Amino acid sequence: MSKCHYYCSLLLPCLVSIGGGLVFGYELAIISGALLQLRVDFALSCVQQEVLVSALLVGALLASVLGGSLIDWQGRRRSIVFSSGLTLAGTVMLLISAYPALVLGRATVGFAMCISSMSCCIFVSELVRPEHRGVLVSLYEVGITVGILAAYAVNYIMADTRYGWKWMFGLAAVPTMVQLVSIWCLPSNVQSNCAQIKNQEPTRGYNYLSLFHTKDNMRTRTMIGLALVLFQQFTGQPNVLLYASTIFYTLGFHSHTAAVLASVGLGLVKVLSTLLSVTLSDRVGRRPLLIGGCSVMAVSLFIIGLLCTHSHVQEISCVSKGVISNTNITKTHETHITVKNFNETTINSGILPEVKPSVSSPLNSTTANWVVLLSLMAAVSAYSIGFGPMTWLLLSEIFPTEVRGRAFAFTSCFNWSAHVLVTFTFLHLIDAIGLPSLFLLYGTIAVVAAAIFCKILPETKCKSLEDIDMELRLNR
């Protein structure tokens, strides 16, 4: 195959990967803006809102349990087609003006995007040459960050539109169709090198229990996979994005500008940082990017934790089950949210977190606040360079072909569970130990993650999947 033909043959797989990432990021972020309108149009109670938000996570968790077998038995390509069809079906359900249809639609979309996330990463990693695998698999993470940024923009634009929530949900069909057309246009004889080898060689008879056996060093591989997904969540990154507006409010940014900065600003930082990671993954390697990202995250989180005690920071108290997310303060509600009535304003699923009196300090609070803000940006950037793309890239490389789908699904299940746990305990942990101590805890976890990865993480840069498998089988 000529070099020109090879690169042309990668165009459609790239579109498949980016399209799947766009859907994933968009669906994760769009609910915050849609919920503002749905709460009014359907007079939703707090419980109904929580169920609607949680439906996506429930669907994704179910897919992480069942999807691995589907991917290994039906193949990566068919799984991607299946997930695209499910996403379109779920999007149609979300356009129906009935609450049960909305819940079912969100659960369906959650199931589909989890299947797609696993299938796309594995499909591309098995299809391309080792020297390009890092870039092309990481394009999925680029799609996620662009999808999140697009959702923030759509939320803002549609905030004053009647039935704007239908447009918010319906626009997800665009990247889904791009992915579906791309996978259908892919020649039927295109399959991965690993798939060809799998058809030529006898299977090793792996199953789910094989993930915990010492044979072929599977237990260590599973430990590496679990470490990647658990540390990715327990360093607090979901909360940095989900509660960014609340954190910024405690730093003294008491206007609509804070919400715009939290959503569009952080989203833009994630996109640029992920693009940088994509360009470096096959040059620098997975280990340096991941360990370096953990180290920068640790330093940034420690700075936030230490300076929060010296800046004009106001404690957040969880006085109800309600929370505030990035895009909850929109231009529609701007005139209603002031310092005076902040504690009485209803957003999302109840009352906003109560803000306690600020901590006085001899230090220049304005300077400290800006240092904390820059450290927050640095933490998001370090995550997007390290944990964001490297986790899924390594998961698509370290497991044998025969069990790769099930292993990916197994670790994905822990990823989603940890995501739910970290997100839902954020405000309660602030009540228990305070915001500064919580960031110090996240920083400590990042240090532990860097130390463990230095010990157990293999370097897979520019190695074929067969060579990686052989090295992991022999190196215990």
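The values are calculated or read from the model by the stated rules, or taken from the named source; none is laboratory data. Keep in mind it's a predicted model, so treat the numbers as computed, not measured. Don't worry about glycine lacking a Cβ; one is built from the backbone with ideal geometry, like all the others, and counts go over all protein chains shown. Just the protein is used for accessible areas: all its heavy atoms, side chains included, with ligands, DNA and RNA removed. Shrake-Rupley method; radii C 1.70, N 1.55, O 1.52, S 1.80 Å.
So the values come out like this:
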quantity: Odd one out for ASN415, checked against (1) surrounded by 17 or more Cβ atoms within 10 Å (Cβ to Cβ); (2) without any contact (Cβ under 8 Å) to a residue 24 or more places away in the chain; calculated: (2)
quantity: Counted residues, the range 80-103 - those being assigned to a helix (DSSP H, G or I) and without any contact (Cβ under 8 Å) to a residue 40 or more places away in the chain; calculated: 8
quantity: Unique match (being in contact with a Phe, Trp or Tyr (Cβ under 8 Å, 6 or more places away or on another chain), open to solvent by 10 Å² or more (accessible area, probe 1.4 Å) and closer than 25 Å to ARG404 by Cβ) among GLU131, GLU141; calculated: GLU141
quantity: ILE398 vs. criteria closer than 30 Å to GLY68 by Cβ, open to solvent by 10 Å² or more (accessible area, probe 1.4 Å) and at pLDDT 90 or above; calculated: no
quantity: Options VAL372, VAL403, VAL420; residue that is more than 23 Å from MET223 (Cα to Cα) and modelled with pLDDT under 90; calculated: VAL372
quantity: In the range 442-476, the residues that are without any contact (Cβ under 8 Å) to a residue 24 or more places away in the chain and buried (at least 17 other Cβ atoms within 10 Å of the Cβ); calculated: none
quantity: The listed residue being touching a residue at least 12 places away in the same chain (Cβ under 8 Å), within 30 Å of LYS463 (Cβ to Cβ) and either in contact with a Leu (Cβ under 7 Å, 6 or more places away or on another chain) or not in a helix (DSSP H, G or I) (or both), out of VAL124, VAL109; calculated: VAL124
quantity: Residue list for the range 21-45, restricted to those being open to solvent by 20 Å² or more (accessible area, probe 1.4 Å), of a type in the set (A, V, I, L, M), in a helix (DSSP H, G or I) and over 14 Å from ALA153 (Cα atoms); calculated: VAL40
quantity: Enumeration of residues in the range 17-53 that are of a type in the set (Ser, Thr, Tyr) and in contact (Cβ under 8 Å) with a residue 24 or more places away in the chain; calculated: SER17, TYR26, SER32
quantity: Selection within the range 268-307 - crowded, with 22+ Cβ neighbours inside 10 Å and charged (D, E, K, R); calculated: LYS270, ARG286
